[in-house]
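Let me begin by presenting the structure, written as C-alpha cells, before commenting on it.
Read-outs throughout are calculated quantities, based only on the coordinates presented, and are distinct from any laboratory measurement. Because the structure is a prediction, the values reported are computed rather than measured. Every residue, glycine as well, gets a Cβ built from its backbone with ideal geometry; the counts of neighbours run over all protein chains shown.
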Amino acid sequence: MRMSFDLTHLRQLEAESVHIFREVAAEFENPCLLFSGGKDSIVMLHIAQKAFWPAKLPFAVMHVDTGHNFAEVLEFRDRRIAELGARLVVASVQEAIDAGMVTEETGPRASRNRLQTAVLLDAIERHRFDALFGGARRDEEKARAKERVYSFRDEFGQWDPKNQRPELWSLYNGRIRMGEHIRVFPISNYTELDVWQYIKDEQIEIPSVYFAHQREVFERDSMLLSTGPYITLMDGEEPFIERVRYRTVGDMSCTGAVESSADTVDKIIEEVAATRITERGATRADDKVSEAAMEDRKKEGYF
Amino acid sequence: MEMLRFATAGSVDDGKSTLIGRLLYDAKTIFEDQFEAVEKASIQMGAEYTNLALLTDGLRAEREQGITIDVAYRYFATPRRKFIIADTPGHIQYTRNMVTGASTADLAIVLIDARKGVLEQSKRHAFLASLLRIPHLVLAVNKMDLVDYDQGRFEALRHEFRDFAAKLNIADLAFIPVSALHGDNIVDRSANMSWYQGPSLLHHLEEVHIASDRNLIDARFPVQYVIRPQSDDYHDYRGYAGTVAGGVFRTGDEVTVLPSGFRSTVKSIETFDGPVDEAFSPMAVTIRINDEIDVSRGDMIVRPNNQPTVAQDIDAMVCWMNERISLRPGSRLVIKHTTRSTKVIVRDLSYLLDVNTLHRDESAAALSLNEIGRVQLRSQAPLFFDEYRRNRQTGSFVLIDEATNVTVGAGMILGSAS
C-alpha cells in the first residue's frame with residue numbers, strides 16, 4: 001500500500017527546522033549551536049543531528065555557563081555531547097567574573113542573568129562565530145513573536161526590531177559583513193506543546209528536573225525557587241519540601257519550579273495542554289522585571 | 001494533525017487585532033498571565049474594556065503609537081489542526097509586510113468593517129493575496145453588530161467584493177459575517193445571524209481543503225548541502241541534502257542533474273529515521289544517486305521528461321521593500337532563488353502596478369518602497385525555475401542589495417524574458 005502525501009504538523013515543523021540548519025551550514029563559515037540544557041535546546045540539538053546524519057554536526061556547541069547549574073543538567077550535557085562526538089565550547093560567567101570582565105550583582109536577589117549577555121558576546125567575538133543557533137520559540141513571549149528566523153545582529157551584537165530584514169518563503173538572506181553575526185531560530189514555529197509532543201514522538205531523553213520530584217523550595221514573588229548554594233534566603237522566606245518539576249531550565253537562582261505530579265512525558269503533555277500560564281510567566285523571574293523586559297534584553301544582545 | 005498557515009490583513013480600525021485576540025481567547029490559547037498583562041495595559045491606557053487587540057501588539061513602540069510595525073506570528077491549535085497566523089499590518093506603507101506574511105500562507109483572511117464597506121485597502125489586500133497565490137481567501141465582514149446583524153448589508157458587500165475579485169486569480173473565496181468583539185460566528189455559529197447558513201470562521205479554518213494545494217507533479221529537488229561523513233563507517237558516502245520543492249521522488253527514478261544535464265537514477269532516499277520509498281514537498285531528505293557525477297549546492301535534481309525552465313533572462317513581478325534605494329533599469333543586485341545565489345542586472349521595468357486600481361503605469365522609471373512592478377532581469381548564471389503560479393518554491397526569489405546586504409525585493413516569476 002502506498003503512503004499518503006500528508007505530513008503531520010510535527011513532521012512539517014521538523015522538515016522546516018532541518019532546512020534551516022542545512023541552509024546555515026551551507027552559507028556560513030563558523031556557526032555554533034547555543035545549548036543550555038533546557039528542553040528547547042535539546043530538541044534543537046536532536047534536529048541538528050538529523051539534518052546532517054550520517055555526518056557529525058558541522059559546527060560547535062556552546063554552553064553559556066552561569067555557574068548556577070543543576071548538576072543533572074551538566075551531566076546530561078556532557079553525555080549528550082560525547083554521544084554526538086560534537087565539539088563543546090563553554091563560555092563561563094564565573095571565569096569572566098574572576099577575570100574582572102564583568103561585576104557580579106550582590107544581595108539576595110543577585111542574578112547572573114544580565115552578565116550572560118556580555119559573556120556570550122565576548123565568546124562570539126573570540127571564536128569568530130558568524131551564526132548562532134538558539135532554541136527560542138515565537139510563542140514564548142511578545143517580543144519573540146516578531147523575531148525573524150534569521151535575526152540579524154550588528155557588530156555590537158544588538159537587535160533592532162524596527163529594522164529587520166524581510167523574510168519570505170523559505171529564502172533566508174544570510175549575507176553579513178565581518179564582525180556581524182546572525183542568530184538563527186530553527187524551532188521558531190514550535191509551541192511549548194509541540195516541543196513536548198515532539199519529545200514524546202522522537203523519544204528524546206531530557207534531564208530529570210523536568211519530571212515531578214521532591215525538592216526543597218521556598219516562595220519568592222509567587223514563584224517556587226530551589227534552595228541551594230547559589231541563593232540566599234531573605235527574611236520571612238521559609239523552605240519547605242514540595243513535589244515539583246521545572247517547565248524551563250536555566251540559571252538555578254532565577255528559574256522557578258511548578259507544583260506538579262507529572263512524572264512522565266505523557267503526563268507533562270496533559271499538564272501543558274491544560275495549563276493557563278505561559279512557561280516564562282510561571283517560571284522566569286528575569287521576565288517579570290517589566291512588561292517590555294524581554295524586548296529590552298534582546299536589543300542588548302541577549303538570546 | 002494537519003497544519004494551516006494563514007495571514008490576516010486589515011487595519012486596527014477593522015478590528016483585526018481584536019479578531020485574532022478573539023480566536024486565541026476562544027480557542028483557549030490565551031494564558032492567564034498574558035491576559036492579566038493586557039488587562040493592566042488596558043487600564044493604563046484608559047480603556048473601558050479589556051482590549052483584546054493588545055494581545056497581539058507586541059513591541060513597546062507599537063503600543064505607544066497604537067500601530068503594528070511588523071509581521072507577528074501567533075499560534076493556536078484545535079484538536080483538528082495546528083494554526084500559524086502571520087499577523088500583518090494593514091497600512092499602505094506596510095505592503096511589504098503583507099507580502100512577507102502572505103508568502104508562506106495557505107489562506108488569507110481579509111477583514112472589512114460592515115459599516116464602511118469594501119474600501120481601497122480591502123481591495124489591495126485581496127490583490128496581494130492573489131498576487132502571492134494564496135490558494136484560499138476569506139472575506140470576514142466584521143462589526144456586524146453595528147449594522148444590526150443585517151443580512152441585506154452583508155449580501156450587498158458580498159456582491160461588491162465578488163465583482164472586484166472576479167478580476168483577480170482567486171481559486172477559493174468564502175464570505176463570513178462576524179463580530180470579533182462579541183464573538184459572533186468566530187468559534188460557534190451566531191444566534192444573531194440565523195440567516196447565515198455557512199460555517200463559523202474557526203470551523204472554516206479547520207475544514208478548508210489544503211492537501212491539493214501543493215505541487216505533486218513537477219519533481220524538483222534543489223541541492224542544499226552535500227553530506228560527506230568521511231568516517232570509517234561511511235567511507236564513500238555522498239548524499240545530496242535538500243527539501244523537495246515539488247513533485248514526488250522515488251527510489252529507482254531516472255533523474256537529470258541541472259545544470260550539467262548528467263543523468264542517473266535514485267539509489268536511495270535517506271533520513272536519520274531510515275530510508276523512505278518516496279519523498280514529496282515539503283520533506284527534507286538526502287538523495288543518493290547511482291553514478292558518481294559532480295553535484296553541488298545550487299544544482300537541481302529533476303526528472304528527465306519534466307524539466308524546469310533554464311534561463312538567464314527572467315520576467316517577474318517584483319515587490320520593492322526598501323526605503324533607501326529603488327529599483328531601476330541598470331540596477332545591479334544579488335538574487336537568491338531556491339539554493340542558488342547569483343548576480344542580476346535589471347534590464348527593464350515594463351510597468352508599475354497601482355495596487356488599488358490595478359492600473360499599469362508604463363512610464364514609471366523606478367520602483368520604490370511598497371511598489372509592485374513587472375521587471376525583466378538578466379542573471380549571471382542560469383536559474384532553474386517554474387512559473388510562480390505553478391510552483392511557489394521554484395517560482396519565487398528575493399533580491400539583495402550588495403552594498404548593505406539588506407533584502408530589498410521579492411519576486412514572483414512569470415516566465416523567461418525574450
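The figures follow:
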quantity: Segment A:1-45 residues near the modelled A:R128 label - backbone nitrogen below 19 Å, point 7 Å along Cα→Cβ; calculated: A:25-33
quantity: Value of D in µm² per second that Stokes-Einstein yields for chain B, Kirkwood Rh from Cα pairs, at 25 °C (0.890 mPa s); calculated: 105 µm²/s
quantity: For segment B:59-213, Kirkwood radius (reciprocal of mean inverse C-alpha pair distance, Å); calculated: 16.3 Å
quantity: Residues B:Y25, B:Y351, sorted so that the one with the fewest Cβ neighbours within 10 Å comes first; calculated: B:Y351, B:Y25
quantity: FRET efficiency estimate (nearest 0.05) - Cβ-Cβ, A:D6 to A:I241, R0 41 angstrom; calculated: 0.30
quantity: Gap separating the Cα centres of segment B:356-418 and segment A:256-270, nearest whole Å; calculated: 50 Å
quantity: Solvent-free Debye scattering, log10 I(q)/I(0), computed from the Cα coordinates of segment A:72-121 at q = 0.21, 0.26 Å⁻¹; calculated: -0.83, -0.95
quantity: Stokes-Einstein D in µm²/s, Kirkwood radius over Cα pairs - segment A:201-281 at 4 °C with 1.567 mPa s viscosity; calculated: 96 µm²/s
quantity: Debye intensity ratio in log₁₀ form over the Cα atoms of chain A, taken at each q of 0.12 Å⁻¹; calculated: -0.81
quantity: Largest-first principal axis extents of the Cα set of segment B:260-418 (Å); calculated: 54, 31, 31
quantity: Extension reserve of the B:T404-B:R189 stretch, reckoned as 0.36 nm per residue once the Cα distance is removed; calculated: 72.3 nm
quantity: Space enclosed by the convex hull of the alpha-carbon atoms of segment B:221-262, per residue, Å³; calculated: 105 Å³
quantity: Taking A:D98, A:D194 and counting other C-beta atoms within 10 Å, the order from fewest to most; calculated: A:D98, A:D194
quantity: Entries of A:K142/B:K40; B:K16/B:K167; A:K56/A:K146; A:K142/B:K82; A:K200/B:K82 with Cα pairs more than 27 Å apart; calculated: A:K56/A:K146
quantity: Averaged over B:396-405, number of beta-carbon atoms from partner chains that fall within 10 Å; calculated: 3
quantity: Helix-derived mean residue ellipticity, 222 nm - over chain B, DSSP H n ≥ 4, -39500 (n - 2.57), to 500; calculated: -5000 deg cm²/dmol
quantity: Cα pair count fraction exceeding 22 Å, expressed as % - segment B:158-245; calculated: 60 percent
quantity: Evaluated over segment A:1-154, the Cα radius of gyration and Dmax, each in Å; calculated: 17.4, 67
quantity: Under-5 Å amide H pairs with B:I109, H placed in peptide plane, nonlocal only; calculated: B:A7, B:T8, B:A9, B:V138
quantity: Between segment A:109-155 and segment B:244-275, the alpha-carbon center distance in angstrom; calculated: 38 Å
quantity: Expected-Rg normalisation [2.2 N^0.38 Å, Cα atoms] applied to segment B:300-343; calculated: 1.53
quantity: Label-to-label distance, nm, for residues given as B:K40 and A:D78 (7 Å Cα→Cβ offset); calculated: 4.1 nm
quantity: Of every Cα-Cα pair in segment B:91-130, the percent that sits beyond 12 Å; calculated: 58 percent
quantity: Share of pairwise Cα separations in the protein assembly as shown, more than 38 Å, in percent; calculated: 38 percent
quantity: Cα Rg, Dmax (largest Cα-Cα span) when computed across segment A:2-41, Å; calculated: 14.0, 42
quantity: Amide H contacts under 5 Å for B:L216, placed H, 5+ residues apart; calculated: B:G247
quantity: Viscosity 1.002 mPa s, temperature 20 °C, Stokes-Einstein D of segment B:126-194 from Kirkwood C-alpha radius, µm²/s; calculated: 167 µm²/s
quantity: Fraction of beta bridges assigned by DSSP in the protein assembly as shown that are antiparallel (%, nearest 5); calculated: 70 percent
quantity: Computed over chain B: relative contact order in percent, which uses C-alpha pairs under 8 Å that are six or more apart; calculated: 12 percent
quantity: Projected area, mean over directions - segment A:105-259, Cα convex hull, nm²; calculated: 11.9 nm²
quantity: Residue-averaged beta-carbon neighbours from other chains (10 angstrom radius) around A:8-15; calculated: 5
quantity: Compactness index (Cα Rg / 2.2 N^0.38 Å), segment B:285-371; calculated: 1.49
quantity: FRET efficiency, A:R177 to B:A366 (Cβ-Cβ, R0 30 Å, nearest 0.05); calculated: 0.70
quantity: Amide hydrogen neighbours beyond the local backbone of A:V89, cut-off 5 Å, H modeled; calculated: A:V61, A:M62, A:H63
quantity: Least to most buried among B:T256, B:T104, B:T286 (fewest other Cβ within 10 Å first); calculated: B:T256, B:T104, B:T286
quantity: For segment A:68-168, alpha-carbon Rg relative to the globular expectation (2.2 N^0.38 Å, N residues); calculated: 1.28
quantity: Three semi-axes of the equivalent ellipsoid, segment A:116-177, Cα gyration tensor, whole Å, largest first; calculated: 21, 15, 11
